[in-house]
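Written out below as structure tokens is the structure these notes cover.
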Amino acid sequence: MNNFGARDVDVVVIGAGQAGLSGAYHLRRAGLEPDRDFVVLDHAPRAGGAWQFRWPSLTYGKVHGMHALPGMELTGADEGRRSSEVIGEYFSAYEERFGLLVHRPVDVRAVREGEGGRLLVATSEGTWSTRALINATGTWDRPFWPRYPGQETFRGRQLHTVDYPGPEKFAGQRVIVVGGGASGTQHLMEIAEVAADTTWVTRRPPVFREGPFNEDAGREAVAMVEERVRRGLPPMSVVSVTGLPLTDAVRRARESGVLDRLPMFDRITPTGALWDDGLTVEADVMLWATGFRAAIDHLAPLRLREMGGGIQVEGTRAVRDARIHLVGYGPSASTIGANRAGRAAVREIKQLLEREPSLA
């Protein structure tokens, strides 16, 4: 495919959440200029990454493990304010301070091979021709909905974490919460205060973590995810292998029975869920807190996926194409991991740009 009509840059950054802004910051530090040498494209309507879509009851004080962006701390935040507001304002101030000139809202439709060793990034605002790509699209746009027999027959309401409106909408209702991660437990504890009844269902018994999450435990968790992406398997999130922090609120919920868990049901009925041993639970609502998958469909024309279903990655670099760096993917899918990965990706991209002069 030729590059006619495309705007030329050295690097395109897709996504302006924690990972994308970290990459953009390090590109600037490496001497590249926004909208001349690199461009940042963001699908969201405003600054804040996926944080801007978080549910209203997730206040900043409830956020687990939010690390500051490189070069600018987040200080003095009111822990009682919505996390979407606090972090959205922080990201906006960050973009302005470092002059990152994010283009939004821009939908990236596909990344394809161009001429002269360049990549073509087709978007809703036209096509960009680039020598390298930082993909920082995260997971929020790809909520994962498991499928179970009878699911289509359920007469109540089904929704995913991505649509969670806060606990008030569940007042007086019988609610099944599916999912053993941090979001599932947060939703469940909130809903239990207003619902007529709650049931917690998970595929595996939840693991609660006592004490602080130290550096050794962090390295071990990241190593488990890194091994998967090195093998070309779909990554697990780092959070999924760290366990759930045993906070005072979690202890109270366990003592009161809110966090008594059932194994996964075997089918869904019009009025609830059914297990093969005969157990039934009636419900008005099913809330699927079942996580997300990497939003990378726009990379499909490059055929980067391995037989295992994921993209094989060394560090941040796609093994099948050294021009592509995935930041916020697999082991870097945490706020601190995204910061480090942004720096590592730019270091390799700078070497690539110096090694292979532009043919444009």
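Since every read-out is calculated from the coordinates, none of them should be taken as a lab result. From a predicted model like this one, the values you see are computed outputs, not experimental measurements. Don't worry about glycine lacking a Cβ; one is built from the backbone with ideal geometry, like all the others, and counts go over all protein chains shown.
Tabulated data for the structure shown
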{"item": "Peptides ranked, highest mean first, by Cβ atoms within 10 Å: ranges 125-134, 276-285", "result": "125-134, 276-285"}
{"item": "Antiparallel DSSP beta bridges within the chain, as percent of all bridges there, nearest 5", "result": "40 percent"}
{"item": "Amide hydrogen neighbours beyond the local backbone of Arg157, cut-off 5 Å, H modeled", "result": "Val285, Met286"}
{"item": "Spherically averaged projected area of the chain from its Cα convex hull (nm²)", "result": "19.0 nm²"}
{"item": "Hydrodynamic radius (Kirkwood) for the range 66-128, which is based on Cα pairs only, to one decimal in Å", "result": "14.6 Å"}
{"item": "Rounded FRET efficiency, nearest 0.05, which uses the C-beta distance separating Ala322 from Ala110 and R0 of 22 Å", "result": "0.65"}
{"item": "Ranked packing of 191-202, 258-269, most packed first, by mean Cβ within 10 Å", "result": "191-202, 258-269"}
{"item": "5 angstrom amide H check on Arg209, placed H, neighbours 5+ away", "result": "Leu244, Leu246"}
{"item": "Extent along principal axes [Cα atoms of the range 1-146; Å; largest to smallest]", "result": "52, 42, 21"}
